[in-house]
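Attaching a single structure in structure tokens format; questions to follow.
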Amino acid sequence: MNIVFLGPPGAGKGTHAQRLMKELNIPQISTGDMFRRAIREQTPTGMDAKRYMDKGELVPDEVVVAMVKERLAEPDCANGYILDGFPRTVAQAEALDTIAKIDVALNIDTPDEIIISRLSGRRVCAACGGTFHVSMLKGENCPACGGELFLRDDDKPATVKNRLDIYQEKTAPLIDYYEKKGILSTAKCTDGGVEENYALVKAALNAMA
Ligand code: ADP
Ligand code: ZN
């Protein structure tokens, strides 16, 4: 099954996609993670993307589409995949339709207050890549591996606001786009924690499968 995860930044797309990946045994493809890796490895794509990401802006469509196209051609995508953070514009969705057949677009609908609190409190482990919320942390370091935790540049408050505005303008129209294709399913998420929200996501997926 080829699945697209839709939803504002901080909706928990990454968290739920990782769980679903293990459960369905298909890869999670996060364009944000791919860009962060490219930046660490200082590839040309990474250098190009960093300028936009640091400001909370979208990387240009052609750059993202080329990267995803290459990734979807890899053998582990043959039995399905979860796209997390792509498409983010109508142009990207149209490009995706020329290279793949999407079965379900899962909309992770999450109120703005929840988003803002999650993003500004989010910390990422430099060593294992795990993400944690400050409210869950006891010490300074990663609870999973002891690595150093940091605040992503794009999780800084001013940038968060910018990302939410861009989501409304550029990405929210995709809800309509997939609705019209008859493959949209929405999970109305709450501040009830990961387990509760994952159950809502699974229910939304099962309603379409
Ligand atoms: P989040 O979903 O938490 O906002 P991601 O990790 O998905 O963050 O993405 C981080 C940044 O990477 C985005 O703010 C954007 O600059 C860039 N990016 C990721 N995916 C895309 C995409 N599909 N199109 C354009 N830019 C993207
Ligand atoms: Zn860690």
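Coordinate-derived values only; no laboratory data. As the structure is a prediction and not an experimental result, all values here were calculated from the model. In this analysis, Cβ positions are derived from the backbone assuming ideal geometry, glycine residues included, and neighbour counts consider all displayed protein chains.
Please find, within region 71-116, the residue that is nearest to LEU184 (Cα to Cα) out of those that are surrounded by fewer than 17 Cβ atoms within 10 Å (Cβ to Cβ) and of a type in the set (Val, Ile, Thr).
VAL90
If you go through region 63-99, how many residues are farther than 23 Å from THR159 by Cα, part of a helix (DSSP H, G or I) and without any contact (Cβ under 8 Å) to a residue 24 or more places away in the chain?
Of the residues in that region, 6 qualify.
Do we have PHE5 as over 23 Å from THR190 (Cα atoms), of a type in the set (Phe, Trp, Tyr) and within 14 Å of ligand 1 (Cβ to nearest atom) here?
Taking the combined requirement at face value, the residue does not satisfy it.
Which of the residues spanning region 132-155 are within 19 Å of MET53 (Cα to Cα) and surrounded by fewer than 16 Cβ atoms within 10 Å (Cβ to Cβ)?
PHE150, LEU151, ASP153
For region 1-49, which positions are more than 26 Å from PRO60 (Cβ to Cβ) and of a type outside the set (Gly, Ala, Ser)?
MET1, THR15, HIS16, GLN18, ARG19, LEU20, MET21, LYS22, GLU23, LEU24, ASN25, ILE26
Additional query: Of the conditions (1) out of contact with any strand residue (DSSP E or B) (no Cβ under 8 Å at 6 or more places or on another chain); (2) within 28 Å of ASN197 (Cα to Cα), VAL64 clears all except one; give me its number.
Failing condition for VAL64: (2).
Are there helices (runs of 4 or more DSSP H) fully within region 100-199 with at least 3 residues that are in contact (Cβ under 8 Å) with a residue 12 or more places away in the chain, within 20 Å of ALA17 (Cα to Cα) and within 16 Å of ligand 1 (Cβ to nearest atom)? List them.
112-120, 173-180
While we're here: Can you work out which of the residues in region 44-62 that are within 17 Å of the chain's Cα centre (by Cα), in a helix (DSSP H, G or I) and of a type in the set (A, V, I, L, M) is surrounded by the fewest Cβ atoms within 10 Å (Cβ to Cβ)?
Across region 44-62, the extreme among qualifying residues is MET53.
In addition: So, in region 180-202, how many residues would count as being within 25 Å of HIS133 (Cα to Cα) and of a type in the set (Gly, Ala, Ser)?
Total satisfying the criteria: 4.
Quick one: in region 111-129, which of the residues that are basic (Lys, Arg) and within 16 Å of ligand 2 (Cβ to nearest atom) is farthest from ASP165 (Cα to Cα)?
If we take residues in region 111-129 being basic (Lys, Arg) and within 16 Å of ligand 2 (Cβ to nearest atom), then ARG123 is farthest from ASP165 (Cα to Cα).
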